[in-house]
Amino acid sequence: MFLNRLSLATFAMGLSLTAPAFAQDADTVLATVGDVNITLGEVIVATENLPEQYQSLDNDVLFNGILDQLIQQQALSQSLGDNLSKRDSLGLGNEMRSYRSNLVLQGAANAAITDSAVQTAYEARYAGVEPETEFNASHILVETEEEALALIEALDGGADFAELAKEKSTGPSGPNGGALGWFGKGMMVPEFEAAVLTLEVGTVSAPVQTQFGWHVVKLNESRPLDAPDLETVRAEIEAELQQAAVQETIASLTAAANVTRSEETIDPALIRQFDLLD
């Protein structure tokens, strides 16, 4: 018995619901401009290379926008035919050379980042290194050595350091009792740092002259500055590994290439002789 029209339509609908979706891959053709296909893969690559601010756009907006752009670019490109000037042909060659070399360098940079390499670099930087000392100090800044000596005399007589700083210091830390907080080596001017390094916790320095004036310094606390944990410096270490890998790749591949430089003497000023391209 033949199926009637209704049954045939129902049967066809059932097939459409159960049949697998058409396989789509990078070679799936989305449009054809003249005789050139624009594929899903080309749209994906264009999406991947978009600046971050565009990545949050909806998929349908991105898909249609990028496809439209690729269609327009292909139409514009085809309008040139083979009618490229010498300047444009050379520029296109430079762009291709740059793109291909960047692929090599990106591959080298990516390969340099492994857990083992990062761990080894971390240990080489920090393992066995004596921890530096971090200091917590206060100071009173005045204009003359005589004022600084008078402050020390007052402190020896039992005056409170923080109260003297609030009253006498001309520095920005004065209202805070002269407190400078925690700092490590290299963070203060050399004369100030040298004075701090000679102090025991709780003691006060002799007058210290710097470019800012005369200081009376009190060391409040000191503590060892432990090495940072790996995750804190991972990004920095990875960047160093990648930079080293890039430089090594450039040097090794250039050295291995069959490079012959012309012995002809070229006037460097010719690089600005743009009419040579006309």
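Please treat every number below as a calculation from the coordinates, not as lab data. Keep in mind that this is a model prediction, so the values were computed, not measured. No Cβ is skipped: glycine too gets one built from the backbone with ideal geometry, and neighbour counts run over all protein chains shown.
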| said: For the chain, take the longest principal axis of its alpha carbons; what is the angle in degrees between that and the long axis of helix 145-156, to the nearest 10 within 0 to 90? | reply: 80
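I need the calculated FRET efficiency for the pair residue 39 and residue 258, taking r as the beta carbon distance and R₀ as 35 Å, to the nearest 0.05.
Values: r = 36 Å, r/R0 = 1.03.
So, using R0 = 35 Å, E works out to roughly 0.45.
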| Which whole-Hz couplings ³J(HN,Hα) result when phi for each residue of segment 236-246 is put into the Karplus expression 6.51 cos²θ - 1.76 cosθ + 1.60, θ = phi - 60°, listed in order with x for Gly and Pro? | 5, 5, 4, 4, 5, 5, 5, 4, 5, 5, 5
| Cα-based Rg / Dmax (Å) for segment 88-191 | 27.9, 85
| message | Helix 86-112 against the longest principal axis of the chain: what's the angle in degrees, Cα atoms only, rounded to the nearest 10? | response | 60
| request: Find the Cα radius of gyration of segment 132-225, compare it with 2.2 N^0.38 Å by division, and give the number to two decimals. | output: 0.98
| remark: The alpha-carbon pair-distance distribution computed for the chain, with 10 angstrom bins and whole-percent values, is 5, 14, 13, 14, 14, 13, 13, 8, 4, 2, 1, 0
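Ignoring everything except DSSP H segments at least 4 long, calculate the 222 nm mean residue ellipticity for the chain; use -39,500 (n - 2.57) per segment, divide by total residues, nearest 500. Display every interim value, and only then the final one.
Working: 9 runs with 140 residues, N = 278.
My calculation for the chain gives -16500 deg cm²/dmol from helical runs alone.
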| query | For residue 29, what charge total do you get from the other residues with a beta carbon under 13 Å from its beta carbon, if Lys and Arg give +1 and Asp and Glu give -1? | reply | -4
| task | For the chain, find the longest principal axis of its Cα atoms and tell me its angle to the long axis of helix 5-18, 0 to 90°, nearest 10. | result | 40
| query | With θ set to phi - 60° and the Karplus curve 6.51 cos²θ - 1.76 cosθ + 1.60, what are the ³J(HN,Hα) couplings of segment 129-139 in order, to the nearest whole Hz, using x for Gly and Pro? | reply | 8, 5, x, 6, 9, 10, 10, 10, 9, 10, 8
| request: Over all alpha-carbon pairs in segment 22-83, figure out the percentage whose distance exceeds 17 Å. | output: 44
| Neighbourhood charge, 15 Å Cβ-Cβ cut-off, centred on residue 235 and excluding it, Lys, Arg +1 and Asp, Glu -1 | -4
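Order of 34-41, 78-85 by packing, highest average Cβ count within 10 Å first? Mind showing how you got there, number by number?
Numbers: 34-41: 12.9, 78-85: 9.0.
The packing order, highest mean first, is 34-41, 78-85.
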| request: Could you order peptides 157-164, 173-180 by the average number of other Cβ atoms within 10 Å of their residues, highest first? | output: 173-180, 157-164
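What's the ranking of 259-270, 64-75 by average number of surrounding C-beta atoms within 10 Å, highest first? Before the final figure, lay out the partial values.
Values: 259-270: 6.2, 64-75: 14.7.
With the highest mean Cβ count within 10 Å placed first, the list reads 64-75, 259-270.
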